[in-house]
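Participant: Provided herewith is a single structure, encoded as structure tokens, for subsequent inquiry.
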Amino acid sequence: MRGASLTNSSANGTAPIAFLDSGVGGLPYLKWTRGLLPAENYIYLADRKHFPYGPKQPEEIFQAVAECVSVFLKKFDPKLFVLACNTASVFALEKLRAEFPRKTFVGTVPAIKPAAEASRVKKIGVLATAGTLHAAYLDNLIERFAPGCAVVRLPGPDIVNFVEKRLFTAQPGEKRLIIAEAAARFREEAVDTVVLACTHFLYLLDEIHSALGEGVRLIDSREGVGRRVAEILSSENRQGAGEKTGSAKMYLSGGWPPEPQYEFFAGFFGIEAAGLL
Ligand code: DGL
């Protein structure tokens with residue numbers, strides 16, 4: 001059991017909320033939560049050392065995320081962790097809760113329930129990493145929340161890499177190309193709702209939306225995650241105090257030198273690029 005000897009200092013309202021992802025995918029989630037809870041302090045870790053999580057075995061994903069949690073715990077003792085990554089959440093969330101029993105974890109779970117509710121034709125698409133698509137966790141969500149729906153599952157490995165490495169340098173048109181195959185398959189299958197079940201895909205929301213057409217609704221879990229964080233902090237009376245805006249810092253794992261795009265991502269979200277951990 002890791003983290004058991006920590007004091008209670010993270011119960012303090014000013015302790016940061018930590019967001020973790022294999023890369024930049026969790027930043028849109030941090031943004032949404034920060035909009036809801038602007039007085040909080042935020043730290044973000046892009047686990048560039050272990051990127052990508054999608055093709056890894058469950059145990060490797062757990063070890064990677066547990067390492068990130070341990071490093072953040074020692075350095076910042078956050079009051080709450082958000083796994084802003086579907087792959088990490090479906091494979092590591094339960095084990096992390098067991099491993100760090102004094103910490104609170106909020107996971108990012110594929111938004112199957114709202115998608116099944118929104119679908120009129122009862123046919124939904126799920127776009128996720130290969131890992132998430134094959135997880136028993138996803139099967140259970142579908143069984144529980146979408147029993148009457150046909151579900152078309154598609155992976156987007158090139159999309160994850162594209163977003164992480166080339167989003168700001170790609171030629172116009174490449175964004176459309178990178179999502180074209182998945183969009184064509186969803187159109188063929190005539191789904192009317194698609195779950196973006198990998199946080200990286202949110203960067204291509206507009207392109208996916210126009211490739212799928214007006215009639216197809218896109219669903220992700222930013223709002224669910226942000227509201228869950230707010231609910232936990234308020235029920236435990238651990239909200240950040242004051243009227244002023246809190247800080248937000250983005251850290252990277254892995255070796256020197258960090259690739260320049262991470263500074264761009266931080267700047268794009270109005271977050272301080274705080275360098276390597
Ligand atoms: N952003 C991650 C997710 O939500 C995973 C991307 C990856 O590292 O493969 O699933």
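Participant: Relative to the longest principal axis of the C-alpha atoms of the chain, give the angle of the C-alpha long axis of helix 136-145, reported between 0 and 90° and rounded to the nearest 10°.
Facilitator: Roughly 70 degrees, rounded to the nearest 10.
Participant: Sticking to Cα atoms, compute the Rg of region 183-237 to one decimal and its Dmax as the biggest Cα-Cα distance, whole number, in Å.
Facilitator: 14.9, 49
Participant: Let me ask something additional. log10 I(q)/I(0), Debye, Cα-only region 91-249, no solvent, q = 0.16, 0.18 Å⁻¹?
Facilitator: -0.99, -1.14
Participant: Here's something else I'd like to know. Bin width 5 Å, origin at 0, all Cα-Cα pairs of region 42-114: what percent of pairs per bin?
Facilitator: 3, 16, 30, 27, 16, 7, 1, 0
Participant: If you don't mind, there's one more thing I want to ask. Hey, how many Å between the Cα centroid of region 166-202 and the Cα centroid of region 46-96?
Facilitator: The two parts, judged by their Cα centres, are 25 Å apart.
Participant: Could I ask something else about it? Run down the lysines and flag those whose C-alpha is under 29 Å from the C-alpha of K31, throwing out any fewer than 8 positions away in its chain.
Facilitator: K49, K56, K74, K75, K79, K95, K103, K113, K165, K175, K244, K249
Participant: Using only the Cα atoms of the chain, each taken as one equal point scatterer with no solvent, compute I(q) by the Debye sum, divide by I(0), and report log10 of the ratio at q = 0.13, 0.15, 0.16 Å⁻¹.
Facilitator: Here log10 of I(q) over I(0) equals -0.85, -1.12, -1.26.
Participant: Roughly speaking, to the nearest percent, how much of the chain's 1.4 Å accessible area is carbon and sulfur? List each step's numbers first, then the result.
Facilitator: Details: 6460 of 12510 Å².
Exposed carbon and sulfur together represent 52 percent of the surface.
Participant: What share of the DSSP beta bridges in region 15-129 is antiparallel, in percent to the nearest 5? Write out the running numbers ahead of the final one.
Facilitator: Details: 0 of 11 bridges.
Taking every DSSP beta bridge with both residues in region 15-129, the antiparallel ones total about 0 percent.
Participant: Calculate, in whole percent, how much of the Cα-Cα pair population of region 136-210 lies beyond 21 Å. Spell out each step's value before the answer.
Facilitator: On the way: 904 of 2775 pairs.
Cα-Cα pairs of region 136-210 separated by over 21 Å account for 33 percent.
Participant: Please express the shape of region 160-264 as an equivalent ellipsoid: the semi-axes are the square roots of 5 times the eigenvalues of the C-alpha gyration tensor, given largest first in whole angstrom. All intermediate terms of the calculation are to be shown ahead of the outcome.
Facilitator: On the way: eigenvalues 197, 109, 23 Å².
Rounded to whole Å, the semi-axes are 31, 23, 11.
Participant: Shifting gears a bit: Taking the Cβ-Cβ separation of E214 and A170 as r and a Förster radius of 25 Å, what is the calculated FRET efficiency to the nearest 0.05?
Facilitator: On the way: r = 25 Å, r/R0 = 1.01.
Efficiency, rounded to the nearest 0.05: 0.50.
Participant: Please compute one quarter of the surface area of the Cα convex hull for region 93-173 and express it in square nanometres.
Facilitator: 7.9
The values are calculated or read from the model by the stated rules, or taken from the named source; none is laboratory data. Here the structure is a predicted model, which means the values were calculated and not measured. Every residue, glycine among them, receives a Cβ derived from its backbone with ideal geometry; neighbour counts consider all protein chains shown. Quick note on the areas: whole protein, heavy atoms, side chains included, nothing else; ligands and nucleic acids left out. Shrake-Rupley method; radii C 1.70, N 1.55, O 1.52, S 1.80 Å.
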